[in-house]
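Before any comments, here is the structure.
The values are calculated or read from the model by the stated rules, or taken from the named source; none is laboratory data. Computed from a prediction, not measured in an experiment: that's the story for all the values here. Reconstructed Cβ throughout: ideal geometry from the backbone, glycine too, with neighbour counts over all protein chains shown.
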Amino acid sequence: MSRIESVLKALEAEGKKALIPYITGGDPRPELTVDIMHTLVKAGADIIELGVPFSDPMADGPVIQLACERALAHNVSLNDIFKMVVKFREKNQETPVVLMGYLNPVEVKGYEKFAIEAAHAGVDGALIVDLPPEEADSLVPYLKENNLDAIFLIAPTTTNERIKYICQHSSGYVYYVSVKGVTGSASLNIGEILEKVLTIKSINPIPVGVGFGISDAQSARQVSEIADGVIVGSVIVNILDKYQNDAKKLNFEVLTLVSSMRKAMDE
C-alpha cells in the first residue's frame, strides 16, 4: 500500500477529507520551498502537490505560469525538486508528496531513471499533466515498480467510457478538474461537481480529488462534502508571490489560509 493510499484510508476511517495544497518547487526562491512544505503540513495538509517548474505550463493560468517563471529564474530543475523532497523527508516521513508537472523534464531524465530517483527521494506519486493514460505505458510500469502512484486528470467534458479507462490506469487518487479552463479559474458550480464526482464514483471507487477554483475556506468546505480530497493551488501561490521578499510573513499567511480551510473542512 502506498503512502497516499494509507493516508486516504486513515482519513476515511476518521470521516475526514484530504486537504491537498499545491506549490511550485523553487517559488518564490528555492531555499524557501521546504519550509513552506512544513508550514502546509502544520496547517493541516494531508498530501502536498509539488510542482516541477516548466517553461510552457499550458494547463496553468497566469498565477502558476508566473510561479514557474520565478522558479526557473533561479534555474530550478527536476534534480533540485528531488533534493527538496529529500530535505523535507529529513523531518517528515508521513506526508505524501506528489510531483505535478509536464512530460518534457521527465522524458529528458528518462522514464525509468525518473521513477527510481523520485522514489529514492521520497516522492509518492506523479501527475504528468500532458501525459494521457493512453500514452503512459512508457512511464506507468516504472512508477508501479517503484511504488509510486500514477495520478491522472478527469475533465468536466470527459465521457463515462473514458472515465472508466482513466480510473483503471490510476492509483492513489484521480484529479477532477472542476472547471473548464486553466488553473486559477474562479467560478465553481457545486451542483455540477457533485454530479460528476458521483458519476466517477459509480464507475470506479478510486478516491477523487477536486481542484481548480477553490480559493477560500467556504469553497474548500463545499468541495470536501463531495470529494475525497480538496486540491488548492493558485490562491496559495498568490501568497508566495505577494510576500516573496518576507519569508516570515509568507509562512504566516500560508498557515492562516490553509488552517482556515482545514477547520472549515472538519466542521
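Numbers for the structure displayed
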item: Residue within the stretch 202-217 that is over 26 Å from Asn160 (Cα atoms), buried (at least 16 other Cβ atoms within 10 Å of the Cβ) and in contact (Cβ under 8 Å) with a residue 12 or more places away in the chain present; result: yes
item: Positions within the stretch 179-224 being part of a loop (DSSP other than H, G, I, E, B), of a type in the set (D, E, K, R) and modelled with pLDDT of 90 or more, in sequence order; result: Asp216
item: Single condition Tyr176 does not satisfy, out of (1) in contact with a strand residue (DSSP E or B) (Cβ under 7 Å, 6 or more places away or on another chain); (2) in a helix (DSSP H, G or I); (3) more than 22 Å from Leu78 (Cβ to Cβ); result: (2)
item: Scope the stretch 36-69; condition small (Gly, Ala, Ser), in contact with a strand residue (DSSP E or B) (Cβ under 7 Å, 6 or more places away or on another chain) and at negative phi; matching residues; result: Ala45, Gly51, Ala67
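Every residue, every condition in (1) exposed (fewer than 14 other Cβ atoms within 10 Å of the Cβ); (2) more than 19 Å from Ile20 (Cβ to Cβ); (3) small (Gly, Ala, Ser); (4) over 19 Å from the mean Cα position of the chain (by Cα), yes or no:
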| position | (1), (2), (3), (4) |
| --- | --- |
| Ser178 | no, no, yes, no |
| Val232 | no, no, no, no |
| Ile236 | no, no, no, no |
| Asp241 | no, yes, no, no |
| Thr256 | yes, no, no, yes |
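Let's see how each residue does on (1) at pLDDT 95 or above; (2) over 25 Å from Ser6 (Cβ atoms):
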{"site": "Leu66", "(1), (2)": "no, yes"}
{"site": "Ala71", "(1), (2)": "yes, yes"}
{"site": "Ile81", "(1), (2)": "yes, no"}
{"site": "Phe88", "(1), (2)": "yes, no"}
{"site": "Lys91", "(1), (2)": "yes, no"}
{"site": "Thr95", "(1), (2)": "yes, no"}
{"site": "Val98", "(1), (2)": "yes, no"}
{"site": "Val108", "(1), (2)": "yes, yes"}
{"site": "Tyr111", "(1), (2)": "yes, yes"}
